[in-house]
Amino acid sequence: MALRTLVSGKTLGALSRFQQQIRGLQTFTLPDLAYDYGALEPAISGEIMQLHHQKHHQTYITNYNKALEQLDDAIAKGDASTAVKLQSAIKFNGGGHVNHSIFWKNLAPTHEGGGEPPHGSLGWAIDQHFGSMEKLIAKMNTEGAAVQGSGWVWLAVDKELKRLVIETTANQDPLVTKGASLVPLIGIDVWEHAYYLQYKNVRPDYLKNIWKVINWKYASEVYKKECP
Amino acid sequence: MVMVAATTTASHLTSTFLSTPDFCGLSRSLQWPHMQHALEPHMSKETLEYHWGKHHRAYVDNLNKQIEGTELDGMSLESIISASYNKGDILPAFNNAAQIWNHEFFWESMKPDGGGKPTGELLELINRDFGSFEGLINKFKSAATTQFGSGWAWLVYKEHKLDVPNARNPRPSEEDNKLVVVKSPNAVNPLVWEYHPLLTLDVWEHAYYLDFENRRPDYILTFLDKLVSWETVSSRLEAAKVRVAESEKEMAEIDADEDLDTIEPEDTDMYFGSEAEDAEDFLDDE
């Protein structure tokens, strides 16, 4: 455990990392994409993918790690005020890390199955619940376009009710903030940074095109785990 | 003037800021298509094309569609904002109305060759309330950087009053009113908190992404160093002080009227132990 952390760590000095290992604080690093930055074109440009991954997601991770260290300190010292004060930074940055980690897995180049609709139980559930894939997409796009400011639109499964739902979250709030039993299958980032360089203000065009690179294989796997 | 035409001919919307001759900001003094170059190299023509030409214009078009034939139609923009804010239980027109106001206010907060330092009374108040001009700049930068997600950073003139409807400062004085830096999410603006906005910076990603990508801090610095019009801020401060003084005068007049109706404690007969005839009157009321 310590060795792996030493090898992959970037943001912390070796000594403080060692100290944290003793305390048991796990910090995070930027996950790799399973595809090249340009592989999702023309749906999403390589320029956006690179900025999105290397700058935006990395910043969330850096700030999340920082907040976690501060929280760890505060908890160790019994400093309740500081611990509480840090909650919004943890929600913003931790949420950003959680959401983007899912997002990269939600995408795949077309030659690797991106855009290919799900067969099997998820495909069936979509038809059952929404009528058709087209209707699901139309609904998600409507909700995604209607998000005011920054946020996400999700296709999720309620693991208790065994039902598909569409939800939106604001800023970087993770999906669980909308319901503890909601498991994300597909999240679409509708923050302007996710599309602006390519689509400018026309969010609906981004939403229309992203479906060409949505990785339904991943979504199906998650679904099957919750609804075997 | 295309900008004014977009708001006035399209509807009855009026912005108190566009209609006041003192504000010599971007939208009033410059004509499209020249306007798009006006803030270069600090804010690109491309940004203005989209930010002003698409985002801002869409808010205007969409609000017009939304209010047509409703009770909001014909109201002033600030009244629409207030009505649709609905004390926090936000109604559909709010986003568009507030964003129109916010963007007009933003364009007029900037000018070509802006930046520098404020002077006169504005600088005095800045020194009083922030310690120094640098103190203000740091607070403003911090607010703009830490507004998470979409939103705005503001310098406002804040009256000293409690956030309850009928609270009034019984002895108002200039000293009580302060300059404050605040930030707000999405479309919310300090009008809904009854502050008097003096300056704003749009920190929605669309405001800076084409020029700065993810580097919001660089955008904030550029705005403060090269674009902000402190003259406009000073004018707005003047106007705010006038408004505050007028409303305090109104309140004082209302107080004076009420005093005439005030029953002096020694005249009150409403308690038990009053004259017999009053006790009878009491019974008659049943």
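Readers should treat all values here as calculations from the given coordinates under stated rules, not as data from a laboratory. Please read all numbers here as calculations on a predicted model, not as lab measurements. All Cβ positions, glycine included, derive from the backbone under ideal geometry; neighbour counts span all protein chains shown.
The distance from the alpha carbon centre of region B:33-76 to that of region A:30-46 is 33 Å, rounded to a whole number. Taking all Cα pairs closer than 8 Å and separated by 6 or more residues, the relative contact order of chain A comes to 22 percent. A simple packing score, the average count of other Cβ atoms within 10 Å per residue, orders the peptides A:139-151, A:78-90, B:184-196 as B:184-196, A:139-151, A:78-90, with the highest score first. Note on chain A: with a GNM built from Cα contacts shorter than 10 Å, the maximum mean-square fluctuation among A:Thr62, A:Thr177, A:Thr168 falls on A:Thr177. A compact globular protein would have a Cα radius of gyration near 2.2 N^0.38 Å; the ratio found for region A:44-227 is 1.09.
The residues packed around A:Trp124, meaning those with a beta-carbon under 14 Å from its beta-carbon, carry a net charge of +2 if Lys and Arg are +1 and Asp and Glu are -1.
An oblate overall shape is assigned to region A:46-129, the ratio a/c of its alpha-carbon gyration tensor axes (a ≥ b ≥ c) being 1.5 or greater and a/b not exceeding b/c. When B:Arg128, B:Arg236 are arranged by Cβ crowding within 10 Å, least crowded first, meaning fewest neighbours, the order is B:Arg128, B:Arg236. Taking a sphere under 13 Å around the Cβ of B:Phe148 and counting the other residues whose Cβ falls inside, with K and R at +1 and D and E at -1, yields a net charge of +1. Each of A:His119, A:His97, A:His53 has some number of other Cβ atoms within 10 Å of its Cβ, and from fewest to most they run A:His119, A:His53, A:His97.
Please compute the net charge surrounding B:Lys117, taking Lys and Arg as +1 and Asp and Glu as -1 over other residues with Cβ under 15 Å from its Cβ. Counting the neighbours of B:Lys117, the net charge comes to -4.
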